[in-house]
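Student: I am attaching a structure below and will ask some questions about it afterwards.
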Amino acid sequence: MNKRNTQQRRHLIVSQLQQQGELSVEQLAEQFQTSEVTIRKDLTVLEQAGLLLRRYGGAVPVPQDFIADSSFEKVSKRKLAIAKAAAGLIKDHYRIIIDSGRTTAALLPELASKQGLVVMTNSLGIANALRELENEPTLLMTGGTWDPQSEAFQGQLAEQVLRAYDFDQLFIGADGIDLARGTTTYNELYSLSRVMAESAREVIVMLESDKLGRKIHNLELPWAMVKVLVSDDGLSDEAAARIIEQGVKVIRVHA
């Protein structure tokens, strides 16, 4: 099964997983006559999409209580809707940065129709998924020190690499929004986010509305650094108006 059939293979993996309850990387590699490395990439992408859970040596289905939980379903749909709207801002041959995170990872399938992209990321999962796209964007990695909390590379080396380039856009998530200050994060390591923002002409924040109002001390990006906020229609008119007052374009999508 060649690269053009990647999506078909992943669809079959999810279908078989629901039927059998558990699948191993070795079993899938043999079935699809491909490498175990390729299967691991498939499982990573499918897990980021909320379609399975990784386990050592394989994968298991998403627990039924998660599937039955309507709020879980809404979150998944919101992420996909936000990602589709954000991808609409990307033009062919753009040079973009994609920060680590589940919401930003949802952007990846939407990049398949874009040509000539150059993509920098600090996430191994995002890097692996980008390699599977048929349009084969040029991939750049920040390198740096691995941070298990953010599951991404951080530190001075990553910042130095970013400063050596210039980009059209940065796509980044957030743990919360402070309407007066900007985006906030639980992570103490947020200096890389600032460098990413400084390296891009436009900063696009992708964020679900339920993160509004979280009391988080760490200011990640002040509004002055943000060009566009893409959220869902759960973001109130009042909140959107206050963000627009800060000079930020707000895009709200229905999910």
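Student: Taking the stretch 208-228 as the search range and keeping residues that are of a type in the set (A, V, I, L, M) and at pLDDT below 95, which one is nearest to LYS77 (Cα to Cα)?
Tutor: LEU212
Student: Considering each of VAL195, VAL248 in turn, give the residue that is assigned by the TED database to the domain that holds GLY144, aliphatic (A, V, I, L, M), at pLDDT 95 or above and under 26 Å from TRP146 (Cα atoms).
Tutor: VAL195 is the lone residue from the list that is assigned by the TED database to the domain that holds GLY144, aliphatic (A, V, I, L, M), at pLDDT 95 or above and under 26 Å from TRP146 (Cα atoms).
Student: Continuing with the same structure: I'd like the full set of residues that are open to solvent by less than 70 Å² (accessible area, probe 1.4 Å), among the polar types (S, T, N, Q), over 22 Å from the mean Cα position of the chain (by Cα) and within 16 Å of GLU132 (Cα to Cα), limited to the stretch 1-45.
Tutor: Correct list: ASN5, THR34, SER35.
Student: Something else: Do any residues in the stretch 155-183 that are under 22 Å from ARG242 (Cβ atoms) have Cβ atoms under 7 Å from those of residues that are open to solvent by 80 Å² or more (accessible area, probe 1.4 Å) and part of a helix (DSSP H, G or I), where the two are at least six apart or on different chains, and which pairs are they?
Tutor: LEU179/ARG242
Student: Within the stretch 133-157, work out how many residues are more than 21 Å from TYR94 (Cβ to Cβ) and either surrounded by fewer than 19 Cβ atoms within 10 Å (Cβ to Cβ) or of a type in the set (Gly, Ala, Ser) (or both).
Tutor: Count: 13.
Student: Can you report the number of residues in the stretch 101-132 which are open to solvent by 20 Å² or more (accessible area, probe 1.4 Å), small (Gly, Ala, Ser) and closer than 21 Å to THR145 by Cα?
Tutor: The qualifying residues number 1.
The values are calculated or read from the model by the stated rules, or taken from the named source; none is laboratory data. These numbers were taken from a predicted model, which means no experiment stands behind them. Reconstructed Cβ throughout: ideal geometry from the backbone, glycine too, with neighbour counts over all protein chains shown. With ligands, DNA and RNA removed, areas are computed over all heavy atoms of the protein, side chains included. Shrake-Rupley method; radii C 1.70, N 1.55, O 1.52, S 1.80 Å.
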